[in-house]
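The values are calculated or read from the model by the stated rules, or taken from the named source; none is laboratory data. Quick caveat, the model's predicted, so the values are computed rather than measured. Here Cβ is always computed from backbone atoms with ideal geometry, including for glycine, and neighbour counts include all displayed protein chains.
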Amino acid sequence: MTYSTHAYEPDPRNEAMLIDVNGTLFPRHEAKVSVFDSGFVLGDGVWEGLRVHPGPDGKGVIAFLDRHLKRLWDGAKTLDFDMSLSKEALKKRLYACLDANNAHEGVHIRLMVSRGVKSTPYQDPRATIGGPTIVIVPEFKRPVAETASKGKRLFTVHVRRGYPDVQDQKLNSHSKLNCIMACIQATKAGADEALMLDPHGFVATCNSTHFFIVKDGEIWTSSGDYCLGGITRGIVLELARANGIVARERNFSLHDVYGSEEAFVTGTFAGVTPVSEIDGRMISSGRGPMVERLQQLYKARVAEVASKGRQ
């Protein structure tokens, strides 16, 4: 399967995977939600992508889970619905799902929460009956080997990351149409992913990852005003600063991008991924020295987290 920065190796074990829907496990092809569910009807919900790594006892550990759950709860609060269970209870549900599937390494989880089932397909939240719908989809999903070394191609699209008074880009909602439209345009242009600008013309982010450039030995990423508060993005910034690398969150333009020494994207699925080409301009032939260093630092951080086991 080769889909841009999320290209992964097919795994036949996924056909037998058990999916958790509101605390009950179902075979993959029997897992269903109602056609009246808020997520299906309206895209009314929030979600997280989680990565699993083997712990000291061989059981899978979800990396940076506390950060992901905080973002999930913040999103639910913004959408003004109650998660109906505690963070600790959801942790237990996540790990029970992994254990039931014997899924402890090379696993990616899509955790989805909608407002819940509606009495009728209408947008008013007061038409919701019952609590939220919580779905856990684990898959054996490893990035293809070349993702870490062969640079991806980006294309700058006309679809912008909008102002927060229209739809706040910090909210990791099910409503992803602006990112989907950006992805479509980039795909039509023959690129792997879309590079998106903010309303002022500065670089914001990509359609499904966060974007960085390397300039004069420093790493730059956007101000963060028009993008999701990325977990991997934040960790890369922390690691860079802790290891003597100047890391700036600032406004910069495509002129800065085209003249950069290296470029890369970050995300929960593949970590740190090099970018080689942007809008037909060659940035590098593949993985450069800064990207390689950051990949090593990130890998070591993940290993450190996993070594502590399930918290």
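Yes or no, residue by residue, for (1) in contact (Cβ under 8 Å) with a residue 40 or more places away in the chain; (2) closer than 26 Å to Pro143 by Cβ; (3) in contact with a strand residue (DSSP E or B) (Cβ under 8 Å, 6 or more places away or on another chain); (4) not charged (D, E, K, R):
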site: Glu88; (1), (2), (3), (4): no, no, no, no
site: Leu94; (1), (2), (3), (4): yes, yes, yes, yes
site: Leu98; (1), (2), (3), (4): yes, yes, yes, yes
site: Glu105; (1), (2), (3), (4): yes, yes, yes, no
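When segment 1-54 is filtered for residues that are in contact with a helix residue (DSSP H, G or I) (Cβ under 9 Å, 6 or more places away or on another chain), at pLDDT 95 or above and polar (S, T, N, Q), the ones remaining, listed by number, are Asn14, Ser34, Ser38. Exactly one residue out of Asn178, Asn251, Asn207 is surrounded by 15 or more Cβ atoms within 10 Å (Cβ to Cβ) and within 22 Å of Met282 (Cβ to Cβ): that is Asn207. The C-beta contact set for segment 203-223 (first residue closer than 13 Å to Leu237 by Cβ and modelled with pLDDT of 95 or more, second residue part of a loop (DSSP other than H, G, I, E, B) and of a type in the set (A, V, I, L, M), distance under 6 angstrom, 6+ apart or interchain) comprises Glu218/Val246. Scanning segment 8-30 for residues that are among the hydrophobic types (A, V, I, L, M, F, W, C) and over 13 Å from Phe140 (Cα atoms) returns Val21, Leu25, Phe26.
Taking first residues from segment 117-145 that are under 26 Å from Val52 (Cβ atoms) and partners that are part of a loop (DSSP other than H, G, I, E, B) and of a type in the set (A, V, I, L, M), the Cβ contacts under 6 Å between residues at least 6 apart in sequence or on separate chains come to Thr133/Val33; Pro138/Ala103; Pro143/Ala270; Val144/Ala7. Within segment 118-134, track down each residue that is surrounded by fewer than 20 Cβ atoms within 10 Å (Cβ to Cβ) and not charged (D, E, K, R). Of everything in segment 118-134, those that are surrounded by fewer than 20 Cβ atoms within 10 Å (Cβ to Cβ) and not charged (D, E, K, R) turn out to be Ser119, Thr120, Pro121, Tyr122, Gln123, Pro125, Ala127, Ile129, Gly130, Gly131.
Listed here are the residues, each with its yes/no results for (1) of a type outside the set (D, E, K, R); (2) touching a Cys at 6+ places or on another chain (Cβ under 9 Å); (3) assigned to a helix (DSSP H, G or I).
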{"residue": "Leu228", "(1), (2), (3)": "yes, no, no"}
{"residue": "Ile245", "(1), (2), (3)": "yes, no, no"}
{"residue": "Val257", "(1), (2), (3)": "yes, no, yes"}
{"residue": "Ser285", "(1), (2), (3)": "yes, no, no"}
{"residue": "Val291", "(1), (2), (3)": "yes, no, yes"}
{"residue": "Gln295", "(1), (2), (3)": "yes, no, yes"}
{"residue": "Arg310", "(1), (2), (3)": "no, no, no"}
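Here Gly58 does not fit the description of being in contact (Cβ under 8 Å) with a residue 24 or more places away in the chain, surrounded by fewer than 19 Cβ atoms within 10 Å (Cβ to Cβ) and either among the aromatic types (Phe, Trp, Tyr) or more than 24 Å from Val305 (Cβ to Cβ) (or both). Of all positions in segment 134-143, none carries a residue that is in the same structural domain as Leu72 (by TED's automatic domain parsing), in contact with a strand residue (DSSP E or B) (Cβ under 6 Å, 6 or more places away or on another chain) and either among the small types (Gly, Ala, Ser) or in a helix (DSSP H, G or I) (or both). How about segment 183-204: which of its residues are under 19 Å from Arg281 (Cβ atoms), surrounded by 15 or more Cβ atoms within 10 Å (Cβ to Cβ) and either under 16 Å from the mean Cα position of the chain (by Cα) or not polar (S, T, N, Q) (or both)? Within segment 183-204, Ala186, Ala189, Ala191, Asp192, Glu193, Ala194, Leu195, Met196, Leu197, Phe202, Val203, Ala204 meet the criteria.
Please go through segment 254-286 and pick out each residue that is surrounded by fewer than 22 Cβ atoms within 10 Å (Cβ to Cβ), over 26 Å from Asp66 (Cα atoms) and within 22 Å of the chain's Cα centre (by Cα). Selection gives Ser276, Glu277.
Is it the case that segment 27-35 has a residue that's crowded, with 19+ Cβ neighbours inside 10 Å, more than 30 Å from Thr147 (Cα to Cα) and over 14 Å from the mean Cα position of the chain (by Cα)? There is no residue in segment 27-35 that is crowded, with 19+ Cβ neighbours inside 10 Å, more than 30 Å from Thr147 (Cα to Cα) and over 14 Å from the mean Cα position of the chain (by Cα).
Filtering segment 144-180 to residues that are among the small types (Gly, Ala, Ser), closer than 16 Å to Gln295 by Cα and part of a loop (DSSP other than H, G, I, E, B) leaves Ser149, Gly151.
Scan segment 108-117 and give yes if some residue there is modelled with pLDDT of 95 or more, under 24 Å from Ala270 (Cα atoms) and either among the aromatic types (Phe, Trp, Tyr) or surrounded by fewer than 16 Cβ atoms within 10 Å (Cβ to Cβ) (or both), otherwise no. Scanning segment 108-117 turns up at least one residue that is modelled with pLDDT of 95 or more, under 24 Å from Ala270 (Cα atoms) and either among the aromatic types (Phe, Trp, Tyr) or surrounded by fewer than 16 Cβ atoms within 10 Å (Cβ to Cβ) (or both).
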